Amino acid sequence: MTFVLMLFSLLTTAFAAESPASTPSMPIQASLAVLRQVGPDGKGSAEAARAWKALVTTDIHQLPEILAGMDGSNALMRNWVRSAIDDILERARVDKKQLPVAALEIFVRDTHHNSQARRLAYELILTVDAKAADRFLPNMTDDPSPELRRDAIARILKQADKAHEEGQKDEARRLYQKSFASAREQDHIDKAARRLRELGQQVDLPKHLGLILEWKLIGPFSNAKKKGVETVYPPEKQLDFGASYDGAAGKVTWTDYTSKDEHGLVDLTKGIGAHKVSVGYAAGEFASAADQVVEVRVGCYNAFKLWVNGELVLDRGDEFTGMRLDHYVAKAHLKQGKNTLLIKDCRGESQPGVPDFWQFQLRICDANGVAILSTTRPASPAPEKKS
């Protein structure tokens, strides 16, 4: 059953049990507190239905207080609140009451609030003031809300494209540089980089993203019957780059590999060989300027595991999931100085009509996607030309 149908069913049951007149009034904060307790499998749903019914009676001018209730909430609670807001808005429309635009603007500008709640408030403002984007977006290129930041970057790129079309190269370059510096999503990053190169500016995309390009590879080991992901092969026990082991096709040793792909793709087929149904390992080093918590973001098409300093931080047993930048994210602690990364990439059986990749990409950044670089990072190699 979809969430909408489940919610409708719960609300219908609650309404049938009690008439509107018999529903006890409940302060906003009390209603929100009840909704916060809703858990999976319908836990607390009956109480939530009553709290929701009380919440929808709220006056539209109290929307900022309701939106603030989404701070620190889970997705289920946010769905209840959004549903209540829809009803509040519909009743206000019938009663011809206006949105509290000024209060909503204050809410949007407060970056401490939940990103989805701020986005919703922003969209509500736009319904009555289409020009509000011109007030908000210029200051949102580094906003913690991914959706608001994306809109802000898209706006700059549109301005840059216009300047470029009109022959204002200096202005176009300035705007593309601004969007490139703040963009966090691949389509925006790639477009800004491409335009800057067209304008004669060099762009180091791997460095900008914090992609790890230098690796040592070893393999293949067997992935027969998909058992490779859970089989503990020697590289997981000890990283000894001078060692050799019995692999799936004879003795295997570590080899150096440098990615020349500007998106940091590490192609194990190129580095190890065209082995099917195999496990390959890639080990890298990262010199951290300080003890710090970072995000390690991985794109990988296959089942994989990732260790940072011997600690397992990502374990994905699914395969053929598609591959994109930042597909998987994990927090990891880096100590000051040398840190080790180890990724295990498990190539499965080929499937008809499904790409047969044996590759991954990995970058290190902060929670906002800003690259964190190794203190010993070498210069990025010239990107290889696409065939």
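FYI, it's all coordinate maths here, none of it is from the lab. This is a predicted model, so every value here is computed, not measured. Glycine also receives a Cβ, built like all others from the backbone with ideal geometry; neighbour counts cover every protein chain displayed.
Between the Cα long axis of helix 169-182 and the first principal axis of the chain there is an angle of about 90°, rounded to the nearest 10. Each Lys or Arg adds one and each Asp or Glu takes one away; over the other residues whose Cβ falls under 10 Å from the Cβ of Arg297, this sums to -1. Of the trypsin sites (Lys or Arg not before Pro) found in segment 307-344, those that fall in a DSSP loop while having at most 14 other beta-carbon atoms within 10 Å are Arg324, Lys335. Taking the longest Cα principal axis of the chain as reference, the axis of helix 146-165 is set at about 70 degrees. Pairing the Cα long axis of helix 45-55 with the longest principal axis of the chain, what angle in degrees results, from 0 to 90 and rounded to the nearest 10? Roughly 60 degrees between the two axes.
Centre-to-centre, using Cα atoms only, segment 288-307 and segment 25-103 are separated by 37 Å. Start at zero, step by 5 Å, and the Cα-Cα distances of segment 68-115 spread as 5, 18, 20, 25, 21, 9, 2 percent across the bins.
Give me the Debye-computed log₁₀ of I(q)/I(0) at q = 0.16, 0.24, 0.27 Å⁻¹ for segment 84-157, equal point scatterers on Cα only, no solvent, two decimals. Those come out to -0.58, -1.11, -1.31, one per q. Once you have the Kirkwood Rh of the chain from its Cα pairs, apply Stokes-Einstein at 4 °C and 1.567 mPa s and quote D in µm²/s. Answer, rounded: 53 µm²/s. Only helices enter this figure: runs of n ≥ 4 DSSP H residues, each worth -39500 (n - 2.57), summed and divided by the residues of the chain, yield -11500 deg cm²/dmol at 222 nm to the nearest 500.
With K and R counted +1 and D and E -1, the other residues having a Cβ less than 12 Å from that of Thr269 yield a net charge of 0.
Normalise the Debye intensity by I(0) for segment 209-365, one equal point scatterer per Cα, no solvent, then take log10 at q = 0.10, 0.16, 0.20 Å⁻¹ and round to two decimals. For segment 209-365, the Cα-only Debye profile gives -0.32, -0.85, -1.36. For segment 139-203, pairs of C-alpha atoms spaced more than 17 angstrom apart make up 32 percent of the total.
Among Lys207/Lys338; Lys158/Lys385; Lys216/Lys344, which pairs are too far apart, with a Cα-Cα distance over 22 Å? Result: Lys158/Lys385 exceed 22 Å.
Highest mean first, the peptides 226-236, 153-163 sorted by other C-beta atoms within 10 Å per residue fall in the order 153-163, 226-236. Considering only Gln361, Gln177, Gln168, the mean-square fluctuation computed in a Gaussian network model of the chain, springs between alpha carbons under 10 angstrom, is largest for Gln168.
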